[in-house]
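The values are calculated or read from the model by the stated rules, or taken from the named source; none is laboratory data. In this text, all values refer to a predicted model and were calculated from it rather than measured experimentally. For neighbour counting, all protein chains shown are included, and Cβ atoms are generated from backbone atoms with ideal geometry for every residue, glycine included. In case anyone asks, the SASA skips ligands and DNA or RNA and just uses the protein heavy atoms, side chains included. Shrake-Rupley method; radii C 1.70, N 1.55, O 1.52, S 1.80 Å.
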Amino acid sequence: MAAQKGVDKGRGWSLGLAGLLAPAAFWLGVFFLVPLLLILAYSFGTSGVYGGITLGFNPENYLKVFDPLYLQIIVRSTVIALLNTLICLAIGYPLAYFIAFRGGSWKTALILLVMIPFWTSLLVRAYAWVVILGGNGLANRTLQFLGITDGPITLIFTPQAVMMGLVYSYLPFMVLPLYASLEKFDARLKEAAQDLGASRWQTFWRVTFPLSLPGVIAGSILVFIPSAGEFVIPDLLGGSQTVMTGNLIQQQFLNARDWAFGSALAVMLAVLMLGAILIYVRRIGTDRLEGV
Amino acid sequence: MKGRRISRRDFLKRLGAGAVAGSTLTVLSACTVDTAPRQGGDGGSEGGGTLNLYNWSDYVAETTIPGFEEEFGVRVVQDFYASNEELLAKLQAGGTGYDVIVPSDYMVEIMAKSGVIQELDMAKIPNFENVGENFRGLPYDPENRYSVPYQWGTTGILYDREEVGEVESWDAMWDERYAGRIAMIDDVRETIGAALMRLGYSINSTDEGELGEARELLLEQKPLLRGYFASTEIVPLVESGDVLLGHVFSGEGILATVENENLAYAIPKPAATRWTDNMCIPAGAPNPDLAHEFINYILDAQVGADLTNYTYYGTPNEAALPLIDEELTSIPEWNPPDEVFDRLQVIEDVGEATRDYERIFTEVKSA
């Protein structure tokens, strides 16, 4: 009787679960899995001269990825994305820390300020930087007004401008998960550590930081992955002189009409990102977490 | 490819870039998002219905569409695209429901070869007789079986006359005195084409040696550049003085010279690009009869003149020429004399070599 009830309960529960999961499974299946499999299939196809693709098994697209020209672009964008992640972490952590622990009644308002840029399209914000950093822009005029420079200096359409644009665009993706994990932090733990004789520095490194690692990991992933595939910012703020993997993939689909190679690049990028994330989470993530 | 004034086209292009993932998905899954045919609705009145026009943005005069709607008692729905490649991708996905599209020269050839456009019935386009001899039977469609010209222009150099002096040839774009203040168009064929033409080769060269020389030339130019941009972005950079020499399309370049006397537009020697946008009818267009009517309407002398007086681009419509504002006709670069016209080159599809071009451009840009 009890067992039977248990079974019934179990079945009811799994039906309910299936019902709950169905929309998400459908969504992921149709909008994530199917396109992903199509890209994978295309990456082994042969592109027609006028676009379109013949399916088959053609490893050539992957061999082309190892062409030094393309390899160098992929390596460089990975380095740029990594640098972006580190800078965002270096700026974002103190910011999230301050809001979470010192924000007081301003917390919500401050975190809202971090999110406000999201209300405007990335393109509009990127164009705003073009205006601000241009020859007659706000930045140059201010520098001249303050007597720091004599004439307009080159601030835009440089690799540095691309880097700045990336940090600017992705910083909120770092701050928000960091804030979420720091905000939950039990302040009594800090008191306990200090009561036990830890210095403030020791308290941070041995208590606060390890407990905020989930936020660090989530933030890093959210910044690293999309910035490795970025293609709008290098175009707009870099004068198209910094080619990132995202630009390369876009060109294959839209200009070169080489969908097969574009797909192979996309698959390689995905594999690379997945590998990097796995290593990151394994090495830094769980080890440190287990160590706590 | 061409924009004008503070054209929305370029902004759309960027938006389009942002939507690449989306449109690619559309193509990949061959499901058509946002492309449902729009006939029906208030159609049905008189010989009426709806004409679905798929065009570059800001590329008709204010009177063009209302004039057609009134004359034929129909409704025109206009959608916009930002690049020829985007247009092709959308047509290849199938079933777009468009009646008239406006691809540029080489794209007509590609579309004809891949069967996404249909042959025109010239009997329904009597105004074709208004088209000038220079604009008939262009290399991408030698018998005008698929296309009729819409507007044309050149790609040249917009420059600051006071700072640079008179510019005659592409050499100015390689002049070290202007280092950091030169901008080239972010377009594979135009920019590699400029290098090829400076070397005296064809803009459609597929010769490995010639393309190699062009690559070297572009690598040599790269340190002098402010960057690679869309033509519509370059014009304001020249106007603000950030850039002294900019590679631009004629319409917006000439408009800038009309608004600022210090600026001039040159069609550089030894050769420059001449491009033509064309009207075509997609295969499977829902309303091909009305599409022919529209094409015929655009080739009307007055309609063609209104179009050009608004866009500042050239008209292939010879009958429209007497009706063009003098402000435009008095500019030699707008209406190049024969000896200039004869050294203009038309971009054609280079087939397999498209990928060689793409690789060279990637190499130069990432150098």
- State, to one decimal in nm, how far the label point of residue B:199 lies from the label point of residue B:119, with both points 7 Å from Cα in the Cβ direction. 4.0
- Task: Could you work out the relative contact order of chain A, using alpha carbon pairs under 8 angstrom and six or more residues apart, expressed as a whole percent?
- Result: 27
- Item | Cα-based equivalent ellipsoid, chain B: semi-axes from gyration tensor eigenvalues, Å | 34, 24, 19
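What total accessible surface area, summed over both chains, is buried at the interface between chains B and A, computed with a 1.4 Å probe and given in Å² to the nearest 100?
About 3700 Å² of accessible surface is lost on pairing.
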- Per-residue mean of other chain beta-carbon atoms within 10 angstrom of the beta-carbon, peptide B:226-232? 4
- Query: Out of the DSSP beta bridges found with both residues in chain B, what percent are antiparallel (nearest 5)?
  - Reply: 55
- Item | For residue B:267, solvent-accessible area (1.4 Å; no DNA, RNA or ligand), Å² | 20
- Message: Taking each residue in B:79-91, count the Cβ atoms of any other chain within 10 Å of its Cβ, then average. What number comes out?
- Response: 2
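At a 1.4 Å probe radius, which order do A:125, B:343 fall into by accessible area, largest first? Working shown, then result.
Values: A:125 30, B:343 50 Å².
From most exposed to least exposed: B:343, A:125.
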- At a Förster distance of 22 Å, what's the computed FRET efficiency of residue A:209 paired with residue A:278, Cβ-Cβ distance as r, to 0.05? 0.50
- Environment charge at residue B:146 (Cβ cut-off 11 Å; Lys +1, Arg +1, Asp -1, Glu -1): -2
- Once residue A:148 and residue A:55 are pulled to full extension, the length gained, defined as 0.36 nm per residue separation minus their Cα-Cα distance, is 27.5 nm
- Largest first, how would B:222, A:190, B:113 line up by accessible area (1.4 Å probe)? B:113, A:190, B:222
- Net charge near residue B:320, counting Lys/Arg +1 and Asp/Glu -1 over other residues with Cβ under 9 Å of its Cβ? -3
- Note on the structure: With every protein chain kept in place and a 1.4 Å probe, the residues B:356, B:306 fall, from largest accessible area down, as B:356, B:306
- Item | Among A:74-83, B:273-282, the order from most to least packed when residues are scored by Cβ within 10 Å on average | B:273-282, A:74-83
- Message: What distance in nm separates the two pseudo spin-label positions at residue B:206 and residue A:186, each 7 Å out from Cα along the beta-carbon direction?
- Response: 7.3
- Using 0.36 nm per residue of separation minus the Cα-Cα distance, give me the extension gain between residue A:36 and residue A:66 in nm, one decimal. 8.6 nm
- Query: Where a Cα-Cα gap under 12 Å defines reach, which aspartates and glutamates qualify for residue B:222, not counting those fewer than 8 residues away within the same chain?
  - Reply: B:175, B:176, B:363
- Pick out the long, greasy-scoring helices in chain A: whole DSSP H runs spanning 18 Å or more along their own axis by Cα, mean Kyte-Doolittle at least 1.6. A:209-228, A:259-280
- Task: Which order do the peptides A:208-218, A:110-120 take when ranked by the mean count of other beta-carbon atoms within 10 Å per residue, highest first?
- Result: A:208-218, A:110-120
- Carbon-plus-sulfur fraction of the accessible area of chain B, 1.4 Å probe, in percent? 46
- Is the range A:60-291 best put as rounded, prolate or oblate by its Cα gyration tensor, with a ≥ b ≥ c the root eigenvalues, rounded for a/c under 1.5, and otherwise prolate when a/b is larger than b/c, oblate when not? oblate
- Note on the structure: Length-normalised contact order of the range A:107-156, Cα under 8 Å, at least 6 apart, in percent, tallies to 26
- Task: Shielding by partners for A:49-61, please: the mean number of other protein chain Cβ atoms within 10 Å of each residue's Cβ.
- Result: 3
- Task: Determine the per residue accessible area of the protein assembly as shown with all protein chains present and a 1.4 angstrom probe, expressed in square angstrom.
- Result: 44
- Using 7 Å Cα-to-Cβ label points, what is the residue B:323/residue A:27 separation (nm, one decimal)? 5.5
